[in-house]
Amino acid sequence: MPSGAQSPQLPNTLTFSVGTIPVFGDLILSPMEGFSDMPFRSICREQGSAMSYTEFINALDVIQGNPRVLKKLTFLTAERPVVFQIFDNEPARLLEAALRLQEFGPDIIDVNMGCSVRRVSGRGAGAGLLRTPVKVARIFRTLYRELEVPLSAKIRLGWDEESRNYCLIARIIEENGGALIAVHGRTKEQGYGGQADWDAIGEIKQAVSIPVIGNGDVRTVADIERLKTHTACDGIMIGRAAVGNPWIFARRDREQVPPGEVQEMVSRHLARMLDFYGEERGLILFRKHAKRYLSVYPLSSEQRYRFLTTESPTELAQMLDLIVP
Ligand SMILES: Cc1cc2nc3c(=O)[nH]c(=O)nc-3n(C[C@H](O)[C@H](O)[C@H](O)COP(=O)(O)O)c2cc1C
């Protein structure tokens with residue numbers, strides 16, 4: 001680590017438990033397809049993210065043995081507690097996939113009930129499950145009976161403004177064996193528009209006695225404290241604002257991080273990507289992170305273009321020296 005780099009102090013007091021699984025710390029990296037892979041999760045975990053959620057995994061891919069799933073299931077021991085997140089609309093398929101996934105050693109299995117994209121929610125999976133509370137009960141009852149690991153859910157507030165059934169859904173999850181609920185304070189219809197409704201997250205916290213993680217629109221350290229105070233949630237989940245700022249899990253805003261640390265982090269993250277995905281794919285997948293790490297620096301459009309298109313990790317490292325003052 002370069003001089004001046006801060007090594008974050010990881011929390012060592014119990015914050016909440018998910019069934020039998022203890023969680024130390026109140027900040028958690030959101031599951032994010034295309035972002036929350038092992039390299040990024042492990043980096044956020046080192047900064048203080050208290051659990052590692054995988055990107056969502058299609059139950060059908062698990063059942064059909066799609067080899068791409070294996071990458072998503074790879075985790076470091078230091079990431080534990082690890083949560084494997086699955087999605088489907090069929091209770092039987094969810095069960096079969098969950099049983100197979102259990103063999104890979106997760107601490108918790110999570111059912112995605114929040115994905116708003118049409119190919120998922122349109123077939124009744126992800127946020128589509130919010131429209132079928134009876135099915136939600138069946139899914140949780142079945143999985144709870146058959147699984148050895150605790151079960152959790154990540155939900156939204158409802159399908160649309162007219163069907164904000166979040167308290168009902170949260171109670172159903174709890175009554176049927178769910179041990180943790182993470183809630184993104186928007187409806188499916190809202191997508192990522194408008195503002196997350198933190199009042200509603202607070203209502204869920206009051207409605208159930210299992211731990212609740214609040215999520216939506218946390219961008220700064222001040223937002224973390226505001227959402228905690230507003231909702232009394234057990235934990236706070238951070239998604240988009242963590243990309244380019246894993247330091248948020250050490251309760252540091254981006255502008256508090258000196259350039260030397262940014263350089264060191266970019267190099268470390270890139271090295272993990274190259275190691276995990278191989279040189280070519282690793283570099284391509286790293287570009288979206290690089291863009292966010294560098295968003296605060298005044299780059300010329302040529303510099304930005306070269307940085308984001310180079311096919312050589314060595315050239316990227318050299319450019320980094322020039323860009324980060
Ligand atoms: C690119 C992207 C991918 C996402 N993928 C997932 C996913 O796989 N599973 C999931 O439960 N939520 C997913 N989400 C939703 C986030 O977990 C989170 O609920 C949402 O971004 C709101 O939190 P934020 O305001 O902190 O970003 C995704 C969000 C984004 C932006």
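Computed from the coordinates by the stated procedures, all read-outs in this text should not be read as laboratory data. The shown structure was predicted, so the numbers you read here are calculated from the model rather than taken from an experiment. Reconstructed Cβ throughout: ideal geometry from the backbone, glycine too, with neighbour counts over all protein chains shown.
Annotations for the structure displayed:
- Cα centroid of segment 191-222 to Cα centroid of segment 39-73, whole Å: 23 Å
- Helical segments meeting 24 Å axial Cα length and Kyte-Doolittle -1.0 threshold in the chain (DSSP H): 259-277
- Look at the dipole of the chain built from charges on Cβ: of ILE210, LEU316, THR15, the Cα furthest out on the positive end belongs to ILE210.
- In the chain, excluding the sites themselves, the longest stretch lacking any of the GluC sites (Glu not before Pro) that are in a DSSP loop with at most 10 other Cβ atoms within 10 Å is 149-310.
- When you restrict to C-alpha pairs under 8 Å that are six or more residues apart and normalise by the size of the chain, the relative contact order lands at 15 percent.
- Beta bridge orientation in the chain: antiparallel %, DSSP, nearest 5: 10 percent
- Built from the Cα atoms of the chain, the convex hull projects on average onto 16.1 nm², one quarter of its surface area.
- Under the combined filter of DSSP loop state and at most 16 neighbouring Cβ atoms within 10 Å, segment 150-227 retains these trypsin sites (Lys or Arg not before Pro): ARG219.
- Cross-link table LYS188/LYS288; LYS135/LYS288; LYS154/LYS288; LYS71/LYS154, entries beyond 31 Å C-alpha to C-alpha: LYS135/LYS288
- Size of electric dipole in the chain: Cβ of Lys, Arg +1 and of Asp, Glu -1, about Cα centre, debye, nearest 20: 460 debye
- Helical contribution to [θ] at 222 nm, DSSP H n ≥ 4, -39,500 (n - 2.57), averaged over the chain, rounded to 500: -12500 deg cm²/dmol
- Label-point gap, in nm, between ILE284 and ARG226 - each point 7 angstrom along Cα→Cβ: 3.9 nm
- Residues of the chain were split at every exposed loop site, defined as chymotrypsin sites (Phe, Trp or Tyr not before Pro) in a DSSP loop with at most 16 other C-beta atoms within 10 angstrom, and the longest piece left, sites excluded, is 193-325.
- Charge dipole of segment 258-323 (Cα centre as origin; +1 on each Lys and Arg Cβ, -1 on each Asp and Glu Cβ, all else neutral): 340 debye, rounded to the nearest 20.
- Under-5 Å amide H pairs with VAL18, H placed in peptide plane, nonlocal only: VAL23
- Relative contact order %, segment 96-173, counting alpha carbon pairs below 8 Å whose residues are six or more apart: 34 percent
- Cβ crowding within 10 Å ranks CYS44, CYS167 as CYS167, CYS44, fewest other Cβ atoms first.
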